Structure formats: C-alpha cells, structure tokens
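Chemist: The structure's right below; bear with me while I get my questions together.
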Amino acid sequence: MLYDFKIQKTLSPKQKPDPEALKFGRMFTDHMFIMEYSTENDWHDGRIVPYGPIPLDPAAASLHYSQQNFEGLKAYNTPDGRILLFRPYKNAARVNTTNERMCIPQLPEDLFVGAIKALVSLDRDWIPDKPGTSLYIRPFIIADDAFLGVHPAEHFKFIIILSPVGPYYDTPGGGLQPTSILVEDEYIRAAPGGTGAAKVGGNYAGSLKAQQKAKDLGCDQVMWLDAIEHSFVEEIGTSNAFFVIDDEVITPPLLGTILPGVTRDSVIALLQKWGVKVSERKIRIEDVAKAIEDGSLTEIFATGTAAVISPVGKLVIKDKSLVIRNGQVGELAQRMYDTLSGIQTGTAPDNMGWTVEV
Ligand code: COI
C-alpha cells in the first residue's frame, strides 16, 4: 500500500555535520515523521514536519510508566546512487511483537516501512558516504494518554527521527576496534517473563547503573548474565553475543530474555551459508573463561544495528582480566563486518535479498 503523507518542509535547513567527525546519535536531520493513534480513529494523520520538540502532556503515560517502544535501523548510500535500507521488515515485525507485550496497538508493517522511506527520501542529503558511517533511523511509539492511573493507554504517537552516525563506540580510531567488556554479576538486564525480548526503553534505563560501573572500571560495556543463576551469558551491552570456540560459533538462544537482533539473525544466516557450524545454545561464563585460558576460544564479538560487528578484545570477570587474540580483531569478525557492510552499502551483491531500496 502507498501512503501519501503530508510534508511541511523546514524553512531553516541545518548545517550538515563534518563526515570525518561523526559520532553516534548526536545530530538530527531537518525533518521528522509523526502520526497519532486513538482507539476511535486508529493510526491517522501521518505527516512529515520540521525536526523539533513535540508538545506532550506532562501526565502522558509514557513519561510515568514507560509504555513505549523504539527501533533502530540504518540507511546507506550506494556508489551507484541508490539508497538502501537493511531488512526494514524485520524491524517492522519486531515493533509488533514489542507492541503485543506492551499493550500498544499493532502498526501495519507497510505503514512503518512507508513512513521510513518517505522521511529518508526527503532527508537523503543527510546520508553520509564515508565508510563506517550511515543514517541511523530511530522509529518509536509513546503512549500519550494524560492519565495517572496504570492501565493500557488509548492514545499514542508514532515518531521517526534520523541521525547521521559514525561508530557506536568512542574507541580511539573508531571503526572495528576491539572493546573491553565487564562481565556483570550483580545487576541483571532481564528475567524470564519480563520484557527482555521487547525493544523498550525501560530495559536500557535499567542497564545504566551497570554500564556506569563498567566505565568506572575502564571497560566499554557489560556482558549480561542470566537473572537466576548469574551464570549463562545473555547479551553484550546493547548487542547480541557470539563466541568462536574450536570450530563452532555459539550464540545464546532466544528464550524471552534477550533481544532478537536483526544483525544477530543476519550473522547466523551468513555463517550457515558459509558452512560454519553455528549453534544457538546456552553458554556459561565459566566455560567461556576456561576456553579463553586454554586457547580454544579464538573470538568473541557483539552484533547490533548500532554496533554492527564489535569484536571483544578483553573480558573482565571479577578481578581477572582475560585478553582475547592479544586484543586484535578476529578473522571471522572482520569477514562478517566486511560482508555485512558490503551488502548494506551496495558495494557487494545482496545474494540474501536483504536490502530494500528507498
Ligand atoms: C541498535 O543497535 O539499533 C540499538 O537499538 C541499540 C541502541 C540502544 C543504541
């Protein structure tokens, strides 16, 4: 279905950022998409307007009880002048599994992707070209009923904003730089039956304390363990985790407490295509530590839209620091990064049928 959104163009376009100095998520483009939902009128009044603050009732349910969600995907310029989105229908499907968990109404997938295409197309000059950069797309839904009782809202806003981005981690040199990760054994991210598999802000608010602790100890991020035994690996910061041990690549299974990452799914599919043994199974942190020490573990990397492929160079477990591959980028992480980036930016053929043109 084709959507015809009203467009109000900005009268004062902003200056574009220096592509050499792009960080993650600090600048926003000239326009944003906004649409309302009410139980009487369903999703309606989708429009593109100049980027700026939105009026919100101070009693809005999302501000008090976090009834909201968000997504993340990217747009890329190709050398032959096309604009590509990477697997946007996967994000569209995830919005709706999140919405189901959060009592937010379903959003038609074509509406989600159509709104993204319309906005990206209008702000196309903001897509940076430099390798390792892209236009990050942040769709989100917030409940805006002005009511302080705790109940599912009847009014929502669906908004999309765009941000030209460089690498997620501020590691020196940017790009594919190995990170150091603190294994978090006190705080947890999600418990069975909770919202760990939903993409909601609350999961991230609850992670800040541990992230701050990691920073204080000189690490870039945390590795989350399960809520019950504090033993099985769940995720790495805002990304999914992969371990290369002997000839097997292991990633924790989707059992409701970890995010079903689009990059995670893509990495598994590529590994299978390459004939690499990949297993979605539980893995204990003590087995990871043993495998690093006996040399059978050769790589750990994290995957995510923002983080892309992020190799782990050091794991801090209590008072032990375990260095992986002398802190160098692993071969599989590098090959995966090159392959994914090639498909995403149209510099390599997309044999998987993952890209969607704007
Ligand atoms: C993404 O990778 O798109 C995410 O949503 C992580 C984000 C919290 C930066």
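The values are calculated or read from the model by the stated rules, or taken from the named source; none is laboratory data. Just so it is clear, the structure is predicted and the values come from calculations on it, not from any experiment. When we count neighbours, we look across all protein chains shown, and the Cβ atoms used for this are built from the backbone with ideal geometry, even at glycine. Only protein heavy atoms, including side chains, enter the accessible area calculation; ligands, DNA and RNA are left aside. Shrake-Rupley method; radii C 1.70, N 1.55, O 1.52, S 1.80 Å.
Chemist: Just the accessible area per residue of segment 1-139, please: how many Å² with a 1.4 Å probe? Don't jump to the answer; show the numbers that get you there.
Modeler: Working: 7030 Å² over 139 residues.
Dividing the accessible area of segment 1-139 by its residue count gives 51 Å².
Chemist: A further question on this structure: From the residues GLN106, ALA92, PRO55, which one has its Cα farthest along the dipole of segment 49-175 in the positive direction, the dipole being from +1 and -1 charges on Cβ of Lys/Arg and Asp/Glu about the Cα centre?
Modeler: After comparing all options, I get ALA92.
Chemist: Give me the accessible area per residue for segment 169-264, probe 1.4 Å, as a whole number in Å².
Modeler: Ligands and nucleic acids excluded, the result is 38 Å² per residue.
Chemist: A follow-up question, please. Classify segment 159-273 as rounded, prolate or oblate from the Cα gyration tensor: take a ≥ b ≥ c as the square roots of its eigenvalues, call it rounded if a/c is under 1.5, otherwise prolate when a/b beats b/c and oblate if not.
Modeler: It comes out rounded by the Cα gyration axes.
Chemist: May I pose another question? What three numbers, in Å, describe the spread of the alpha carbons of segment 223-358 along their principal axes, ordered from the longest?
Modeler: Dimensions of segment 223-358 along the principal axes of its Cα atoms: 48, 33, 25 Å.
Chemist: Using a 1.4 Å probe on the protein heavy atoms, what percent of the accessible area of the chain belongs to carbon and sulfur?
Modeler: Values: 8260 of 16080 Å².
Carbon and sulfur together cover 51 percent of it.
Chemist: Which value, in debye to the nearest 20, gives the size of the charge dipole of the chain about its Cα centre, when Lys and Arg are +1 and Asp and Glu are -1 at the Cβ?
Modeler: About 520 debye.
Chemist: If you don't mind, there's one more thing I want to ask. Would you compute, for the Cα atoms of segment 250-309, the largest minus smallest coordinate along each principal axis and list the three values in descending order, in whole Å?
Modeler: Dimensions of segment 250-309 along the principal axes of its Cα atoms: 32, 28, 21 Å.
Chemist: Here's another thing I want to ask about it. Rounded, prolate or oblate for segment 129-214? Axes are the square roots of the Cα gyration tensor eigenvalues, ordered a ≥ b ≥ c, and the cut-off for rounded is a/c under 1.5.
Modeler: oblate
Chemist: Just reorder LYS290, LYS318, LYS213 by solvent-accessible area, largest first, 1.4 Å probe, all chains present.
Modeler: The residues order as LYS318, LYS290, LYS213, largest area first.
Chemist: Something else now. Going toward the positive end of the dipole of the chain, with +1 on Lys and Arg Cβ and -1 on Asp and Glu Cβ, which of THR39, TYR76, ASN203 do you reach last?
Modeler: After comparing all options, I get TYR76.
Chemist: Nearest 10 degrees is fine. How inclined is helix 109-122 to the longest principal axis of the chain, computing both from alpha carbons?
Modeler: Tilt of helix 109-122: around 80 degrees.
Chemist: Sorting GLU331, GLU154, GLU186 by accessible area (1.4 Å probe), largest first, what list results?
Modeler: Details: GLU331 140, GLU154 85, GLU186 105 Å².
My answer, sorted largest first, is GLU331, GLU186, GLU154.
Chemist: If you don't mind, another one. Of all DSSP beta bridges in the chain, what percent run antiparallel (nearest 5)?
Modeler: On the way: 57 of 71 bridges.
Roughly 80 percent of the DSSP beta bridges within the chain come out antiparallel.
Chemist: Another question, then. For a 18 Å ceiling on Cα separation, which of these pairs sit above it: LYS157/LYS199; LYS209/LYS320; LYS130/LYS273?
Modeler: Too far apart for the 18 Å limit: LYS209/LYS320; LYS130/LYS273.
Chemist: Sticking with this one: Quick check: the distance between the Cα centres of segment 86-103 and segment 197-267, to the nearest angstrom?
Modeler: So the two Cα centres are separated by 19 Å.
Chemist: Would you calculate, for the chain, the mean residue ellipticity at 222 nm contributed by helices, counting each DSSP H stretch of 4 or more residues as -39,500 (n - 2.57) and dividing by all residues, to the nearest 500?
Modeler: Mean residue ellipticity, 222 nm, calculated: -7000 deg cm²/dmol.
Chemist: A further question on this structure: Decide, for segment 81-240, between rounded, prolate and oblate: order the square roots of the alpha carbon gyration tensor eigenvalues as a ≥ b ≥ c, take rounded if a/c falls under 1.5, and otherwise choose prolate if a/b is larger than b/c, else oblate. Numbers along the way, then the final one.
Modeler: Values: a/c = 2.16, a/b = 1.11, b/c = 1.95.
Oblate, since a/c reaches 1.5 and b/c is not below a/b.
Chemist: For LEU73, which sequence-distant residues (separation of 5 or more, or a different chain) have an amide H within less than 5 Å of its own amide H, given hydrogens modelled in the peptide plane?
Modeler: Placed amide hydrogens put ILE137 under 5 Å from LEU73.
Chemist: Cβ neighbours within 10 Å, averaged per peptide: list 29-36, 46-53, 237-244 in order, most packed at the top. Could the numbers behind the result be given before it?
Modeler: On the way: 29-36: 20.6, 46-53: 14.5, 237-244: 24.4.
Sorting 29-36, 46-53, 237-244 by mean packing, highest first, produces 237-244, 29-36, 46-53.
Chemist: If you wrap a convex hull around the alpha carbons of segment 51-127, what volume per residue comes out, as a whole number of Å³?
Modeler: 109 Å³
Chemist: Give, in whole angstrom and from largest to smallest, the semi-axes √(5λ) of the equivalent ellipsoid of the chain, with λ running over the eigenvalues of the Cα gyration tensor.
Modeler: Each semi-axis is the square root of five times an eigenvalue, giving 34, 25, 18 Å.
Chemist: Which angle from 0 to 90°, rounded to the nearest 10, does the C-alpha axis of helix 285-294 make with the longest principal axis of the chain?
Modeler: 50 degrees
Chemist: Now for a different question. For helix 262-274, what angle does its Cα long axis make with the longest principal axis of the chain, in degrees from 0 to 90 and rounded to 10?
Modeler: 50 degrees
Chemist: For the full complex of protein chains and a 1.4 angstrom probe, list CYS103, CYS219 by accessible area with the highest value first. Spell out each step's value before the answer.
Modeler: On the way: CYS103 75, CYS219 5 Å².
The most accessible residue leads, giving CYS103, CYS219.
Chemist: With θ set to phi - 60°, apply the Karplus curve 6.51 cos²θ - 1.76 cosθ + 1.60 along segment 9-21 and write out the HN-Hα couplings as whole Hz, x wherever there is a Gly or Pro.
Modeler: 7, 5, 9, 10, x, 8, 6, 6, x, 6, x, 6, 10
Chemist: Provide, as a two-decimal number, the C-alpha radius of gyration of segment 1-80 over 2.2 N^0.38 Å, N being how many residues it has.
Modeler: Taking the Cα Rg and dividing by 2.2 N^0.38 Å, one obtains 1.40.
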